[in-house]
1. Residues that are surrounded by 15 or more Cβ atoms within 10 Å (Cβ to Cβ), out of contact with any helix residue (DSSP H, G or I) (no Cβ under 9 Å at 6 or more places or on another chain) and at pLDDT 95 or above: does segment 51-65 have at least one?
2. Every residue in segment 78-96 that is surrounded by fewer than 24 Cβ atoms within 10 Å (Cβ to Cβ), closer than 24 Å to residue 26 by Cβ and out of contact with any strand residue (DSSP E or B) (no Cβ under 7 Å at 6 or more places or on another chain), please.
3. Looking at 59, 75, which one is part of a helix (DSSP H, G or I) and touching a residue at least 24 places away in the same chain (Cβ under 8 Å)?
4. Quick one: how many residues across segment 104-114 are closer than 21 Å to residue 78 by Cα and either at pLDDT 85 or above or surrounded by 12 or more Cβ atoms within 10 Å (Cβ to Cβ) (or both)?
5. What are the pairs, 6+ residues apart or on separate chains, where a residue within segment 32-43 that is surrounded by 19 or more Cβ atoms within 10 Å (Cβ to Cβ) has its Cβ under 6 Å from a residue that is in a strand (DSSP E or B)?
6. Suppose we filter segment 15-36 for residues that are more than 12 Å from residue 230 (Cβ to Cβ), outside any strand (DSSP E or B) and under 13 Å from the mean Cα position of the chain (by Cα); how many remain?
7. Can you pull out every residue in segment 1-43 that is touching a strand residue (DSSP E or B) at 6+ places or on another chain (Cβ under 7 Å), at pLDDT 95 or above and farther than 21 Å from residue 211 by Cβ?
(Lines give C-alpha, C1' and ligand atoms only; values in the text may rest on other atoms or scores of the structure.)
Protein backbone atom coordinates (compact mmCIF):
# COMPACT_ATOMS: atom_id res chain seq x y z
CA UNK A 1 0.00 0.00 0.00
CA UNK A 2 1.40 3.37 -0.98
CA UNK A 3 1.89 5.94 1.74
CA UNK A 4 -0.63 8.82 1.86
CA UNK A 5 0.47 12.05 0.23
CA UNK A 6 1.84 14.47 2.79
CA UNK A 7 0.58 17.98 2.27
CA UNK A 8 2.86 20.89 3.19
CA UNK A 9 1.95 22.63 6.45
CA UNK A 10 -0.39 25.60 5.98
CA UNK A 11 1.30 28.97 5.75
CA UNK A 12 0.71 31.13 8.82
CA UNK A 13 -1.78 33.96 8.40
CA UNK A 14 -0.51 37.37 9.52
CA UNK A 15 -2.76 40.27 10.33
CA UNK A 16 -0.21 42.68 8.83
CA UNK A 17 3.29 42.49 7.34
CA UNK A 18 5.72 45.40 6.92
CA UNK A 19 8.53 45.40 4.33
CA UNK A 20 10.86 48.24 3.40
CA UNK A 21 14.16 49.14 1.76
CA UNK A 22 13.95 46.58 -1.01
CA UNK A 23 15.81 48.88 -3.45
CA UNK A 24 14.38 46.96 -6.37
CA UNK A 25 16.38 47.70 -9.52
CA UNK A 26 19.65 48.29 -7.67
CA UNK A 27 22.68 46.03 -7.80
CA UNK A 28 22.50 44.96 -4.15
CA UNK A 29 18.79 44.04 -3.90
CA UNK A 30 18.12 40.41 -2.88
CA UNK A 31 15.11 40.17 -5.17
CA UNK A 32 15.07 36.36 -5.44
CA UNK A 33 14.91 35.93 -1.65
CA UNK A 34 12.17 38.56 -1.39
CA UNK A 35 10.12 36.90 -4.14
CA UNK A 36 10.31 33.56 -2.32
CA UNK A 37 9.27 35.25 0.95
CA UNK A 38 6.29 36.95 -0.72
CA UNK A 39 5.24 33.72 -2.48
CA UNK A 40 4.82 32.07 0.93
CA UNK A 41 3.05 35.02 2.54
CA UNK A 42 -0.56 35.17 3.68
CA UNK A 43 -1.63 38.44 5.26
CA UNK A 44 -4.59 40.79 5.51
CA UNK A 45 -2.47 43.91 5.02
CA UNK A 46 0.94 44.47 3.49
CA UNK A 47 2.71 47.75 4.17
CA UNK A 48 5.50 48.71 1.76
CA UNK A 49 7.39 51.14 3.98
CA UNK A 50 9.52 53.00 1.44
CA UNK A 51 12.49 52.53 -0.87
CA UNK A 52 10.76 49.61 -2.56
CA UNK A 53 11.94 50.69 -6.02
CA UNK A 54 15.31 52.45 -6.07
CA UNK A 55 14.62 55.34 -8.45
CA UNK A 56 17.94 56.98 -7.45
CA UNK A 57 19.94 54.01 -8.66
CA UNK A 58 17.88 53.61 -11.82
CA UNK A 59 18.35 57.29 -12.70
CA UNK A 60 22.13 57.32 -12.12
CA UNK A 61 23.21 53.81 -13.09
CA UNK A 62 22.09 50.90 -15.22
CA UNK A 63 19.03 49.26 -13.69
CA UNK A 64 19.39 45.65 -12.56
CA UNK A 65 16.11 44.14 -13.72
CA UNK A 66 15.60 40.47 -14.57
CA UNK A 67 13.59 37.39 -13.71
CA UNK A 68 13.93 37.82 -9.92
CA UNK A 69 12.67 41.40 -10.01
CA UNK A 70 9.72 40.39 -12.19
CA UNK A 71 8.91 37.61 -9.67
CA UNK A 72 8.65 40.23 -6.91
CA UNK A 73 6.12 42.25 -8.92
CA UNK A 74 4.15 39.10 -9.76
CA UNK A 75 4.11 38.04 -6.10
CA UNK A 76 2.71 41.43 -5.08
CA UNK A 77 -0.02 41.13 -7.71
CA UNK A 78 -0.83 37.62 -6.48
CA UNK A 79 -1.21 38.88 -2.91
CA UNK A 80 -3.53 41.63 -4.07
CA UNK A 81 -5.65 39.16 -6.03
CA UNK A 82 -5.83 36.96 -2.92
CA UNK A 83 -7.41 39.84 -1.01
CA UNK A 84 -4.41 41.48 0.68
CA UNK A 85 -4.71 45.24 1.11
CA UNK A 86 -1.42 46.90 0.06
CA UNK A 87 -0.40 50.28 1.45
CA UNK A 88 2.66 52.00 -0.04
CA UNK A 89 4.47 54.63 2.07
CA UNK A 90 7.23 56.02 -0.21
CA UNK A 91 10.74 56.67 1.10
CA UNK A 92 13.60 58.86 -0.05
CA UNK A 93 14.72 56.55 -2.89
CA UNK A 94 11.18 56.40 -4.33
CA UNK A 95 10.31 59.95 -3.30
CA UNK A 96 8.68 60.71 -6.67
CA UNK A 97 5.73 58.54 -5.63
CA UNK A 98 4.93 61.01 -2.86
CA UNK A 99 3.34 63.18 -5.55
CA UNK A 100 0.44 60.72 -5.70
CA UNK A 101 0.03 60.23 -1.94
CA UNK A 102 -3.60 60.08 -0.90
CA UNK A 103 -4.67 58.15 -3.98
CA UNK A 104 -6.22 54.71 -3.95
CA UNK A 105 -4.77 53.06 -7.06
CA UNK A 106 -6.24 49.84 -8.54
CA UNK A 107 -3.65 47.71 -6.74
CA UNK A 108 -2.63 49.77 -3.69
CA UNK A 109 -3.09 52.84 -1.52
CA UNK A 110 -0.27 55.42 -1.45
CA UNK A 111 0.22 57.37 1.79
CA UNK A 112 2.89 59.84 2.94
CA UNK A 113 2.55 58.26 6.39
CA UNK A 114 -0.22 56.31 8.07
CA UNK A 115 -1.30 54.83 11.39
CA UNK A 116 -1.71 51.09 11.84
CA UNK A 117 -3.86 49.86 14.71
CA UNK A 118 -2.86 46.43 16.01
CA UNK A 119 -5.35 43.81 17.16
CA UNK A 120 -4.62 44.71 20.80
CA UNK A 121 -5.32 48.41 20.24
CA UNK A 122 -1.82 49.86 19.84
CA UNK A 123 -1.69 52.70 17.32
CA UNK A 124 1.62 52.74 15.44
CA UNK A 125 2.95 55.45 13.14
CA UNK A 126 4.06 53.89 9.83
CA UNK A 127 6.67 56.06 8.13
CA UNK A 128 9.82 55.40 6.14
CA UNK A 129 12.13 57.37 8.44
CA UNK A 130 14.03 59.80 6.21
CA UNK A 131 12.06 62.60 7.93
CA UNK A 132 14.54 62.26 10.81
CA UNK A 133 17.68 62.78 8.71
CA UNK A 134 17.99 66.38 9.84
CA UNK A 135 18.25 65.17 13.44
CA UNK A 136 20.43 62.11 12.97
CA UNK A 137 22.91 62.96 10.16
CA UNK A 138 26.18 64.83 10.41
CA UNK A 139 26.11 65.93 6.76
CA UNK A 140 28.99 67.21 4.61
CA UNK A 141 32.14 65.28 3.72
CA UNK A 142 31.75 62.76 6.55
CA UNK A 143 28.33 61.67 5.26
CA UNK A 144 29.47 61.46 1.63
CA UNK A 145 32.44 59.31 2.63
CA UNK A 146 30.09 57.11 4.63
CA UNK A 147 27.85 56.58 1.58
CA UNK A 148 30.88 55.68 -0.57
CA UNK A 149 32.19 53.22 2.02
CA UNK A 150 28.74 51.66 2.52
CA UNK A 151 28.44 50.93 -1.21
CA UNK A 152 31.83 49.13 -1.17
CA UNK A 153 30.84 47.11 1.89
CA UNK A 154 27.60 46.02 0.22
CA UNK A 155 29.57 44.84 -2.79
CA UNK A 156 31.85 42.81 -0.49
CA UNK A 157 28.76 41.44 1.23
CA UNK A 158 27.44 40.26 -2.15
CA UNK A 159 30.66 38.47 -3.08
CA UNK A 160 30.94 36.82 0.32
CA UNK A 161 27.43 35.42 0.23
CA UNK A 162 27.86 34.06 -3.29
CA UNK A 163 30.75 32.01 -1.92
CA UNK A 164 28.70 30.97 1.13
CA UNK A 165 25.85 29.76 -1.11
CA UNK A 166 28.26 27.57 -3.11
CA UNK A 167 29.39 26.02 0.18
CA UNK A 168 25.80 25.41 1.27
CA UNK A 169 26.01 28.01 4.05
CA UNK A 170 23.25 30.34 5.23
CA UNK A 171 23.10 34.04 4.40
CA UNK A 172 25.22 36.24 6.68
CA UNK A 173 25.42 40.03 6.62
CA UNK A 174 28.99 41.32 6.56
CA UNK A 175 27.74 44.91 6.46
CA UNK A 176 25.55 44.42 9.54
CA UNK A 177 28.49 42.83 11.39
CA UNK A 178 30.75 45.77 10.58
CA UNK A 179 28.10 48.30 11.61
CA UNK A 180 27.67 46.54 14.95
CA UNK A 181 31.40 47.04 15.58
CA UNK A 182 31.31 50.76 14.78
CA UNK A 183 30.67 53.12 17.67
CA UNK A 184 29.69 55.93 15.28
CA UNK A 185 27.14 53.70 13.52
CA UNK A 186 25.63 52.62 16.83
CA UNK A 187 25.33 56.24 18.00
CA UNK A 188 23.63 57.17 14.73
CA UNK A 189 21.14 54.32 15.10
CA UNK A 190 20.38 55.35 18.69
CA UNK A 191 19.66 58.92 17.55
CA UNK A 192 17.35 57.58 14.86
CA UNK A 193 15.43 55.37 17.31
CA UNK A 194 14.97 58.25 19.73
CA UNK A 195 13.83 60.61 16.96
CA UNK A 196 11.19 58.11 15.84
CA UNK A 197 9.92 57.49 19.37
CA UNK A 198 9.78 61.23 20.06
CA UNK A 199 7.71 61.72 16.89
CA UNK A 200 5.27 58.97 17.90
CA UNK A 201 4.94 60.45 21.40
CA UNK A 202 4.22 63.95 20.03
CA UNK A 203 1.43 62.48 17.90
CA UNK A 204 -0.11 60.68 20.87
CA UNK A 205 0.62 57.25 19.39
CA UNK A 206 1.88 54.02 20.92
CA UNK A 207 4.96 53.58 18.76
CA UNK A 208 6.46 53.57 15.30
CA UNK A 209 7.12 51.18 12.41
CA UNK A 210 9.83 52.35 10.02
CA UNK A 211 12.81 51.36 7.87
CA UNK A 212 15.43 53.62 6.22
CA UNK A 213 18.53 52.81 8.34
CA UNK A 214 18.89 49.14 7.27
CA UNK A 215 18.97 47.93 10.88
CA UNK A 216 16.11 45.68 11.93
CA UNK A 217 14.90 46.16 15.49
CA UNK A 218 11.92 45.47 17.74
CA UNK A 219 11.91 46.89 21.27
CA UNK A 220 9.62 48.58 23.76
CA UNK A 221 11.03 51.67 25.45
CA UNK A 222 9.23 53.89 27.98
CA UNK A 223 5.93 52.28 26.98
CA UNK A 224 6.41 52.93 23.24
CA UNK A 225 7.06 50.38 20.50
CA UNK A 226 10.02 50.85 18.14
CA UNK A 227 9.79 48.46 15.19
CA UNK A 228 12.19 48.66 12.25
CA UNK A 229 11.42 46.01 9.64
CA UNK A 230 14.99 46.02 8.29
CA UNK A 231 15.77 45.79 4.58
CA UNK A 232 16.45 43.50 1.62
CA UNK A 233 20.03 44.50 0.82
CA UNK A 234 21.63 43.58 4.18
CA UNK A 235 19.32 41.97 6.73
CA UNK A 236 16.60 40.38 4.56
CA UNK A 237 13.91 40.81 7.19
CA UNK A 238 10.29 41.86 7.69
CA UNK A 239 7.92 42.72 10.54
CA UNK A 240 4.73 40.73 11.04
CA UNK A 241 1.71 41.17 13.29
CA UNK A 242 -0.10 38.01 14.44
CA UNK A 243 -3.91 37.90 14.76
CA UNK A 244 -3.66 38.66 18.51
CA UNK A 245 -1.41 41.70 18.04
CA UNK A 246 1.93 40.02 18.78
CA UNK A 247 4.71 41.62 16.75
CA UNK A 248 7.51 39.49 15.33
CA UNK A 249 10.63 40.36 13.38
CA UNK A 250 11.14 37.66 10.76
CA UNK A 251 14.11 36.60 8.64
CA UNK A 252 13.60 35.89 4.94
CA UNK A 253 13.37 32.19 5.86
CA UNK A 254 10.64 32.80 8.44
CA UNK A 255 12.82 32.53 11.56
CA UNK A 256 11.69 34.74 14.47
CA UNK A 257 14.48 37.22 15.23
CA UNK A 258 12.64 39.16 17.95
CA UNK A 259 9.11 39.42 19.35
CA UNK A 260 6.88 41.70 21.42
CA UNK A 261 3.83 40.02 22.98
CA UNK A 262 0.33 41.33 22.47
CA UNK A 263 -0.57 43.98 25.02
CA UNK A 264 -3.34 41.80 26.45
CA UNK A 265 -0.71 39.22 27.41
CA UNK A 266 1.85 41.73 28.62
CA UNK A 267 -0.60 43.97 30.54
CA UNK A 268 -3.12 42.12 32.76
CA UNK A 269 -5.21 45.30 33.09
CA UNK A 270 -5.74 45.55 29.31
CA UNK A 271 -9.45 45.88 28.55
CA UNK A 272 -10.38 47.08 32.07
CA UNK A 273 -11.98 50.56 31.96
CA UNK A 274 -9.78 53.24 33.52
CA UNK A 275 -10.61 56.68 34.83
CA UNK A 276 -9.84 59.47 32.41
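1. The answer is no, given that none of the residues of segment 51-65 is surrounded by 15 or more Cβ atoms within 10 Å (Cβ to Cβ), out of contact with any helix residue (DSSP H, G or I) (no Cβ under 9 Å at 6 or more places or on another chain) and at pLDDT 95 or above.
2. Within segment 78-96, 78, 92, 95, 96 qualify.
3. Numbers: 59 fails: touching a residue at least 24 places away in the same chain (Cβ under 8 Å).
Sole residue among the options that is part of a helix (DSSP H, G or I) and touching a residue at least 24 places away in the same chain (Cβ under 8 Å): 75.
4. The first filter runs over segment 104-114 and keeps only residues closer than 21 Å to residue 78 by Cα, leaving 104-110.
Retained after the next criterion (residues that are either at pLDDT 85 or above or surrounded by 12 or more Cβ atoms within 10 Å (Cβ to Cβ) (or both)): 107-110.
Adding up the residues that qualify gives 4.
5. Between residues of segment 32-43 that are surrounded by 19 or more Cβ atoms within 10 Å (Cβ to Cβ) and residues that are in a strand (DSSP E or B), the close pairs are 43/14; 43/17.
6. Result for segment 15-36: 1.
7. Listed by number, the list holds a single entry, 42.
The values are calculated or read from the model by the stated rules, or taken from the named source; none is laboratory data. Since the structure is predicted, the reported quantities are computational estimates derived from the model, not experimental observations. Glycine gets a Cβ as well: all are built from the backbone with ideal geometry, and neighbour counts include every protein chain shown.
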